[in-house]
Amino acid sequence: MMRAILALCLAVLWPAAILATPAALSDDREAAVTSRAVTLHPPATETLRGIVDSVDEGSDTLLIRLSADRTESFKVQDGLIFNAVRFGDPVEISVQTISGIRTIVGLAKE
């Protein structure tokens with residue numbers, strides 16, 4: 001009889017005790033890992049200079065002429081950039097790779 005009561009108590013209480021402890025620890029560990037990842041690996045930003053070759057608001061892209069023989073299309077993070085630039089404007093852009101796409105995150109007219 002005593003063994004049956006002990007077995008019942010263990011069956012009911014043991015899983016709850018095991019599950020409660022790691023969950024509390026894993027949240028703290030996740031927060032620590034996430035903050036370290038942000039601190040250690042900030043997004044790489046590249047600064048480029050060029051001339052606006054075309055503006056395509058429909059696909060949220062700017063075509064920038066980086067040199068006489070090189071143009072590159074960039075996605076625009078903030079649609080307000082389209083209000084600031086026109087064809088032929090010399091610009092300095094800050095570019096980050098977001099979800100595998102080179103994206104303009106900052107723009108200054110020169």
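What follows is calculated from the coordinates using simple rules that are stated; it is not laboratory data. Remember, predicted model here, so these are calculated numbers, not experimental data. Note that each Cβ is placed from the backbone with ideal geometry, even for glycine, and that neighbours are counted across all protein chains shown.
Filtered by the rule that a residue be in a strand (DSSP E or B), surrounded by 16 or more Cβ atoms within 10 Å (Cβ to Cβ) and not aliphatic (A, V, I, L, M), the stretch 76-101 gives a lone residue, Gln96.
Among the residues of the stretch 66-75, is there at least one that is surrounded by 15 or more Cβ atoms within 10 Å (Cβ to Cβ), under 16 Å from the mean Cα position of the chain (by Cα) and more than 14 Å from Glu110 (Cα to Cα)? Scanning the stretch 66-75, I find at least one residue that is surrounded by 15 or more Cβ atoms within 10 Å (Cβ to Cβ), under 16 Å from the mean Cα position of the chain (by Cα) and more than 14 Å from Glu110 (Cα to Cα), so the answer is yes.
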